[in-house]
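The values are calculated or read from the model by the stated rules, or taken from the named source; none is laboratory data. Just so we're clear, the structure is a prediction, and the values are computed from it rather than from any experiment. Reconstructed Cβ throughout: ideal geometry from the backbone, glycine too, with neighbour counts over all protein chains shown.
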Amino acid sequence: MTQTDATLTAPRLLEARQAERARQYFLRRPGVARLALVIVLIALWELAGHTVLDPNFLSSPSAILRAAPRVLGDPGIQKALLASLYELVVAFIMSVAAGIAIGLPIGLNRFSLRSVLPLVLLLYSIPQVTILPLFVLYFGIGSGSKIAFGFSHGIFPIILNVVAGVQSVQEAHLTAARAMGATRLQTVMRVIIPTMTPSLFAGLRLAMSATLLGVLLAELYVSTGGIGHYTRLFTDSFDPPATFTLVTALALMALILNETVRRAERRASFWRTQQR
């Protein structure tokens, strides 16, 4: 290799080493990589907001930040946020309790699996927004209809994931539990539930998003309060910064709740981490 070739190759080697160091840095710190990706996306959004996007329909992040004090400082919107959070939490808790109570018997019994599960799938396939007037008729326009509609969206992902988790239990484990004299309840608590934990928490995350969707749909169409109601008002008045401020608040709410579920999953699955 000539001296000229070595001179040309040295900067390339330095660049390759720096790129490898950066790659290893982000591999060891996925949180930093995630934050960097979010910053890049926000920067691109801001750039597009001042160039190609119409500000009358899609606001830039800076416009949303300027609108946030005006929107979030409104006492009515503060009450609406608390009301939506209350409806979401109640509907989600009800979905979890009912989904596990229904999914476990279906998954544990072959007859129920063949006879009841197709009916659950049939109900799940119905576009629920078409029957929203029935929820309003039965529960009124208050919090009851929003909770019920959110519950109807959140229960099905939990049922299906609980059934899938029960079906993933190996027959050898059940046979070993019976051979050791375990009762039916002990088999469920010590074998089935630990095995179905990943599937269950996957269902919880899906149910969280589905419950939020159900609550917001009910608020959009039938409510005189709640975040969905204010979102519709801001949309009808062509106020994109205020609309996206509420959307950001809802996204943060969903992020906090999903992070809560993720931490609960880590605590419930500590034995899987120890096995690794």
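Residues in region 168-203 that are among the aliphatic types (A, V, I, L, M) and closer than 30 Å to residue 129 by Cβ were compared, and the one that is surrounded by the fewest Cβ atoms within 10 Å (Cβ to Cβ) is 202. For region 114-133, the count of residues that are among the small types (Gly, Ala, Ser) and within 23 Å of residue 209 (Cα to Cα) is nonzero.
Elements of the type helices (runs of 4 or more DSSP H) sitting completely within region 1-76 and holding at least 2 residues that are assigned by TED's automatic domain parsing to the domain that holds residue 226 and modelled with pLDDT of 75 or more: these cover 61-72. All told, residue 159 meets the bar of being closer than 21 Å to residue 198 by Cβ, part of a helix (DSSP H, G or I) and not hydroxyl-bearing (Ser, Thr, Tyr). Inspection of region 108-123 identifies no residue that is among the aromatic types (Phe, Trp, Tyr) and under 24 Å from residue 260 (Cβ atoms).
Restricting attention to region 99-151, the residues that are outside any helix (DSSP H, G or I) and among the small types (Gly, Ala, Ser) add up to 3. Can you go through 150, 165, 142 and tell me which one is among the small types (Gly, Ala, Ser) and surrounded by fewer than 18 Cβ atoms within 10 Å (Cβ to Cβ)? Answer to the selection: 142. Residue pairs whose Cβ atoms lie under 7 Å apart, sitting 6 or more positions apart in sequence or on different chains, and linking a residue in region 70-97 that is under 20 Å from residue 139 (Cβ atoms) to a partner that is aromatic (Phe, Trp, Tyr), are 80/230; 91/151; 94/151; 95/151.
The listed residues are 255, 250, and the only one of them that is under 23 Å from the mean Cα position of the chain (by Cα), in contact (Cβ under 8 Å) with a residue 60 or more places away in the chain and closer than 30 Å to residue 79 by Cα turns out to be 250.
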